[in-house]
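A quick write-up on the structure given underneath.
The values are calculated or read from the model by the stated rules, or taken from the named source; none is laboratory data. Bear in mind that the values here come from a model prediction, so they are computed numbers and not experimental data. Note that each Cβ is placed from the backbone with ideal geometry, even for glycine, and that neighbours are counted across all protein chains shown.
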């Protein structure tokens, strides 16, 4: 029997910085990052075009620092630099796994990453390279969720795959509320009205305005990135009504 065809051909994978820290809670766990690289290689071998946006919360959280009195813009710039560190770490893991990878940074730092140029990013994807977008949008006051939404639309991705530690979106925190109900699908308006912590409101609104679906799934289950791309029902999909 022939293998099923992938449902998506060009995707943007959004990883939290915390995902790279593994159980240590801070910094970068080499085993975790090698595991993510191996999973992405499986997907690339299917001919899927993959771009990534990574948060920086395992190193520095701008919002948290600002809440303690630091200037918000300065704190956000530091957070953007943390995402570049994560991007370089993942690039190293990907290339050790045999996947050609490019980091494109919204803040120019030519010695370590290419400057973000939309057409260059598209060309890398067409050549089968993984593209990692670093430094968020390059602007303070915007989250990496918003960066993921923006970059996904710029490269004409078919879906945002938001990798988390839970297997979808629930009515409440399933770790704290045993009656929490998992949603299989939601509309963008559901997410905004219910204040569900999927992506921030700016990112969700951007996706809604451009009809870009979001799939929330559990990254900690081996093989889930591939399952998501094949179209298996492993998480929650947010889309238009």
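Out of 55, 79, 35, which single residue is buried (at least 22 other Cβ atoms within 10 Å of the Cβ), more than 15 Å from the chain's Cα centre (by Cα) and on the phi < 0 side of the Ramachandran plot? Full working, then the answer.
Values: 55 fails: more than 15 Å from the chain's Cα centre (by Cα); 35 fails: buried (at least 22 other Cβ atoms within 10 Å of the Cβ).
Just a single option satisfies the conditions, and that option is 79.
What do you reckon, is residue 114 at pLDDT 95 or above, exposed (fewer than 14 other Cβ atoms within 10 Å of the Cβ) and over 26 Å from residue 237 (Cα atoms)? Spell out how you get there, then give the answer.
Details: at pLDDT 95 or above: yes; exposed (fewer than 14 other Cβ atoms within 10 Å of the Cβ): no; over 26 Å from residue 237 (Cα atoms): yes.
So residue 114 fails the test.
Can you pull out the helices (runs of 4 or more DSSP H) entirely within the range 1-101 that have at least 3 residues that are at pLDDT 95 or above and more than 26 Å from residue 125 (Cβ to Cβ)?
Working: elements: 17-21, 30-44, 62-67, 72-96.
Qualifying helices (runs of 4 or more DSSP H): 72-96.
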Exercise. Mind counting the residues in the range 143-163 that are in a helix (DSSP H, G or I) and crowded, with 24+ Cβ neighbours inside 10 Å?
Key: 7
Quiz item: For the range 200-223, how many residues meet the condition of being in contact with a strand residue (DSSP E or B) (Cβ under 8 Å, 6 or more places away or on another chain) and touching a residue at least 60 places away in the same chain (Cβ under 8 Å)?
Solution: 2
Practice problem: State whether one or more residues within the range 118-129 are in contact with a helix residue (DSSP H, G or I) (Cβ under 6 Å, 6 or more places away or on another chain), assigned to a strand (DSSP E or B) and at pLDDT 95 or above. | Solution: no
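Say we look at the range 58-73 and pick out the residues that are free of Cβ contacts under 8 Å to residues at least 12 places away in the same chain and surrounded by 13 or more Cβ atoms within 10 Å (Cβ to Cβ); which of these is farthest from the chain's Cα centre (by Cα)?
Initial filter on the range 58-73 (free of Cβ contacts under 8 Å to residues at least 12 places away in the same chain): 64, 66-71.
Add one more test, that the residue is surrounded by 13 or more Cβ atoms within 10 Å (Cβ to Cβ), and what stays is 66, 70.
On the way: 66: 23, 70: 26 Å.
Looking at residues that are free of Cβ contacts under 8 Å to residues at least 12 places away in the same chain and surrounded by 13 or more Cβ atoms within 10 Å (Cβ to Cβ), I get 70.
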Exercise. Please list, ordered by first then second residue, the pairs with beta carbon atoms under 7 Å, 6 or more apart or interchain, first in the range 127-140 and without any contact (Cβ under 8 Å) to a residue 60 or more places away in the chain, second part of a strand (DSSP E or B) and surrounded by 18 or more Cβ atoms within 10 Å (Cβ to Cβ).
Key: 129/101; 129/102; 135/105
Self-check item: Among residues of the range 184-220, those that are more than 22 Å from residue 151 (Cβ to Cβ) and under 16 Å from the mean Cα position of the chain (by Cα), counted
Solution: 2
